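Comments concern the structure below.
The values are calculated or read from the model by the stated rules, or taken from the named source; none is laboratory data. Given the structure is predicted, the values throughout are model-derived calculations rather than measurements. Please note: Cβ atoms are built from the backbone with ideal geometry, for glycine as well, and neighbour counts cover all protein chains shown. For the accessible areas, the whole protein counts, side chains as well, though only heavy atoms, and no ligand, DNA or RNA atoms are used. Shrake-Rupley method; radii C 1.70, N 1.55, O 1.52, S 1.80 Å.
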Amino acid sequence: MPERMHATTQGMVGQTRDECAVISLDNVTREYPGKAGTICALEAATFSIVAGEWVAVTGPSGSGKSTLVNLLGCLDRPTRGELRIDGVETGTMSAGELDRFRADKIGFIFQQFHLIPYLSAVENVMLAQYFHSMTDEAEALAALDKVGLGPRAGHVPSELSGGEQQRVCIARALINNPPILLADEPTGNLDAANQRIVADLLRGLHAEGHTIVMVTHDPEMAGLAGRRIALNHGKVFCHPVGGPVVRLGR
Ligand code: ADP
Ligand code: MG
């Protein structure tokens, strides 16, 4: 991971923001068919995120936050526009290539955890290894140790608190060492004490060089990020650090 930090620092020298972008969107639009007509969940989003940035995505319910995260995570494809991740135009990839790409590049942290209820914590983490390459129990246990859950590795999700389940989810997201972490309301279901634990974990991961894109309603969590991308009715507004609010895209 320190190599990534080094590369980021070097990458910034003499290069434009777009050249250092790990994520870049050019007029990305996502429409859904609806009974009363087409719903434009994301409208001509044009912005970039550089390696090592921590960006908070905010906006009211239904403004397009999850749509954006699903697109960035290659779980969904734009209706129109170009989405480049780590220099690759994702629209040109087949479904199989996209699966592989996602497993290499992206770790997901969900509000609802999405753990398999009948698998233990360590087995849930190993499942992510399995989808990527090969399972390695020692590595999965080390990931659980990193989030302070080594002693609970044998417990199934129903035997863990919400905060502990979210930490299993973070261990699972980290297991293949992806450069990009996408978090959709990572503390939405947690009490204050567990929110602090998750915030500290994210802080550490950012310091290690991960790029973090985090949807949050919580101003305290949003304040941890270096930049805010606000959504309203599918339109993107960016808040540069200390600068004015700017409407991006067409
Ligand atoms: P948020 O995460 O900010 O609450 P979403 O991205 O989930 O918002 O949704 C944005 C808009 O797109 C909403 O109007 C929602 O109803 C609509 N939408 C989201 N997913 C779908 C879908 N699969 N089919 C139809 N409409 C959808
Ligand atoms: Mg959402």
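Observations
- The set of residues in segment 137-194 being open to solvent by 60 Å² or more (accessible area, probe 1.4 Å) and without any contact (Cβ under 8 Å) to a residue 12 or more places away in the chain consists of Ala138, Asp145, Pro151, Glu159, Ala192.
- Each residue in segment 125-165 was checked for being within 22 Å of the chain's Cα centre (by Cα), in a loop (DSSP other than H, G, I, E, B) and farther than 25 Å from Glu97 by Cβ, and 3 of them qualify.
- Residue within segment 64-79 that is more than 16 Å from ligand 2 (Cβ to nearest atom) and either open to solvent by 70 Å² or more (accessible area, probe 1.4 Å) or among the hydroxyl-bearing types (Ser, Thr, Tyr) (or both) present: yes
- So Gly52, is it crowded, with 20+ Cβ neighbours inside 10 Å, modelled with pLDDT under 95 and in contact with a His (Cβ under 9 Å, 6 or more places away or on another chain): yes
- Positions within segment 65-96 being part of a loop (DSSP other than H, G, I, E, B) and of a type in the set (Lys, Arg), in sequence order: Arg77
- Residues located in segment 27-39, provided they are in a strand (DSSP E or B) and either open to solvent by 50 Å² or more (accessible area, probe 1.4 Å) or charged (D, E, K, R) (or both): Arg30, Glu31, Tyr32, Pro33, Thr38, Ile39
- Just one of the listed residues (Glu139, Glu89) is more than 24 Å from Ser48 (Cβ to Cβ), more than 16 Å from ligand 2 (Cβ to nearest atom) and charged (D, E, K, R), namely Glu139.
- Here is the figure for segment 103-136: residues that are over 29 Å from Thr90 (Cα atoms), at pLDDT below 90 and open to solvent by less than 20 Å² (accessible area, probe 1.4 Å) total 0.
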